[in-house]
Amino acid sequence: MELKAIIVEDEEASRITLNNYLTKYCENVTVLDMADSVQTGLIAIQKHNPDVVFLDIEMPYGNAFDLLESLDKVDFEIIFVTAYRDYAIKALNLSAAYYILKPIDIDELVVAVAKITANKKAGEDIFHTKILMDNIKNSNIQHKKIVLPQMDGFEVVNVNQIIRAEANDNYTNFYLTNGKKYLVSKTLKHFDELLSEFDFIRVHKSHLVNLQFITKYIKGKGGQVKMSDESIVDVSPIRKKELIERFR
């Protein structure tokens, strides 16, 4: 499947490098235009109606999210490009949006393009970008959405629906307020880092819990917590102090 592309990147050397990589290693991608700012990026997108935009996150006089919010609709896929592991990476991971880090790794670029190509063939394009934009516009952290990847696709749930998560080898079990349980193809460590600012706390090497749904603490060497779904979760001794302090 052919993909019409635009590159929005403020550094000329980076634009040229990315264009060369796409030409050489991603034969189904045709770069229609390149832009160096939010303003010129908007003009290029409106002019060419691309399938995919390679979008630098930090640019002079604005960023990628300013550009997206200036559009009436986002009907194209995005591969974000960034040199920083900053706040934006957490937002991207929450929505499972596609991104590559600078300096660009050719293998990562090829994989990202292949995923978008596969999604468009399956009619699932622009989905992750929509979730990302919803999260950016929603200031209430517990009302943000998270994409939970699974073997046969993905589930989208609100953060405030998650009671707890439990390690299952290289997978993670999620338990929700509606009684559903999802097996997710990511490690608990991944979600510990991702959900740390959403009132979640790692109480044990195998358990991550939402503080909003703890109903009782049971004393012990480490102790245990009772959750709103009546489940009992062990607390490791080394994490007991942090848990008690969070309640205070």
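Does at least one position in the range 125-146 carry a residue that is touching a residue at least 24 places away in the same chain (Cβ under 8 Å) and in a strand (DSSP E or B)? Yes; the residues of the range 125-146 include at least one that is touching a residue at least 24 places away in the same chain (Cβ under 8 Å) and in a strand (DSSP E or B). For Val31, indicate whether it is under 26 Å from Ile131 (Cα atoms), among the aliphatic types (A, V, I, L, M), part of a strand (DSSP E or B) and more than 22 Å from the chain's Cα centre (by Cα). Yes. Among (1) at pLDDT 90 or above; (2) under 24 Å from Ala96 (Cβ atoms); (3) assigned to a loop (DSSP other than H, G, I, E, B), where does Glu193 come up short? Against the list (1) at pLDDT 90 or above; (2) under 24 Å from Ala96 (Cβ atoms); (3) assigned to a loop (DSSP other than H, G, I, E, B), Glu193 comes up short only on (3). For the range 45-68, enumerate the residues that are exposed (fewer than 14 other Cβ atoms within 10 Å of the Cβ) and either on the phi > 0 side of the Ramachandran plot or at pLDDT below 90 (or both). Answer for the range 45-68, where residues must be exposed (fewer than 14 other Cβ atoms within 10 Å of the Cβ) and either on the phi > 0 side of the Ramachandran plot or at pLDDT below 90 (or both): Asn49, Pro60, Tyr61.
Of all positions in the range 176-187, at least one carries a residue that is surrounded by fewer than 14 Cβ atoms within 10 Å (Cβ to Cβ), in a strand (DSSP E or B) and modelled with pLDDT of 90 or more.
In this structure, Thr117 does satisfy being surrounded by 19 or more Cβ atoms within 10 Å (Cβ to Cβ) and β-branched (Val, Ile, Thr).
A single entry from Ala122, Ala91, Ala112, Ala97 fulfils the requirement of being farther than 22 Å from Leu18 by Cα and either surrounded by 15 or more Cβ atoms within 10 Å (Cβ to Cβ) or at pLDDT 95 or above (or both): Ala91. For first residues located in the range 1-22 and free of Cβ contacts under 8 Å to residues at least 60 places away in the same chain, partners that are among the polar types (S, T, N, Q) and exposed (fewer than 15 other Cβ atoms within 10 Å of the Cβ) and lie 6+ apart or on another chain with Cβ distances below 6 Å form the pairs Glu2/Asn28; Lys4/Thr30. Of the residues making up the range 20-44, those that are crowded, with 17+ Cβ neighbours inside 10 Å and farther than 23 Å from Ala118 by Cβ are Asp33, Met34, Ala35, Asp36, Ser37, Val38, Gly41, Leu42, Ala44.
So which residues in the range 141-175 are hydrophobic (A, V, I, L, M, F, W, C) and exposed (fewer than 13 other Cβ atoms within 10 Å of the Cβ), if there are any at all?
Met151 - this is the single residue of the range 141-175 that is hydrophobic (A, V, I, L, M, F, W, C) and exposed (fewer than 13 other Cβ atoms within 10 Å of the Cβ).
The values are calculated or read from the model by the stated rules, or taken from the named source; none is laboratory data. Just so it is clear, the structure is predicted and the values come from calculations on it, not from any experiment. Positions of Cβ are generated from backbone atoms using ideal geometry, with glycine treated the same way; all protein chains shown enter the neighbour counts.
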